[in-house]
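Novice: Quick one: structure below, then a few questions.
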Amino acid sequence: MEDVSAILKTLGDKTRFEILDLLLTHNYCVGALARQLQISEAAVSQHLQVLRKAGLVKGEKRGYWTHYTVERNLLIEVADALRELANKTSIHKSVCNKKLLTETDFQEGRGKRMCNCTCKQPDKLKEKPDKCTPEQIKECHGDEKVHPCEEKNK
């Protein structure tokens, strides 16, 4: 899925989400959608245009009216991408990722944005980094003797 964020942004509008929800149960024309949602036909047309550009709906001409249907396969792809994201696990559960950076990363400034006086697991931090027990340091940062976040302050 190339651009899940664009699809999610499209669905982030309540009215567009409601239109999609209605179209999942029936094929509606603009007028029917307007009556169901109690908004103007012009507003429905604008929302449908955004949904069409995102690839979420398609229209089929039936006489004078165009009836819209949902591209269910695209919804399934988005759901799969979200499921994959939700199931993603960290390779390094308790070691500060700063240790994994290369010298080039530091030269290019990427190391500066990480672990600078803040703990990677703040929920386990007791007050300040210097107040952490050796057990907390080990749990958050692996086999470190001192808190890596504290080192940067000295």
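Each reported figure results from applying straightforward, stated rules to the coordinates on display, with no laboratory input. Computed from a prediction, not measured in an experiment: that's the story for all the values here. Reconstructed Cβ throughout: ideal geometry from the backbone, glycine too, with neighbour counts over all protein chains shown.
Novice: Can you give me the distance in nm between label points at T104 and R52, each placed 7 Å from the Cα along the Cα-to-Cβ direction?
Specialist: 4.7
Novice: Another question about this same structure. Scan the stretch 1-85 for chymotrypsin sites (Phe, Trp or Tyr not before Pro) in coil per DSSP, keeping those whose Cβ has at most 16 other Cβ atoms within 10 Å, and list them by number. Let's see the in-between values first.
Specialist: Numbers: sites: F17, Y28, Y64, W65, Y68; in loops: Y64.
Loop-located and lightly packed - Y64.
Novice: While we're on this one: With viscosity set to 1.002 mPa s and temperature to 20 °C, compute the Stokes-Einstein D of the stretch 4-83, Rh being the Kirkwood radius across alpha carbon pairs; µm²/s, no decimals. Let's see the in-between values first.
Specialist: Details: Rh = 12.7 Å.
For the chosen part, D equals 169 µm²/s.
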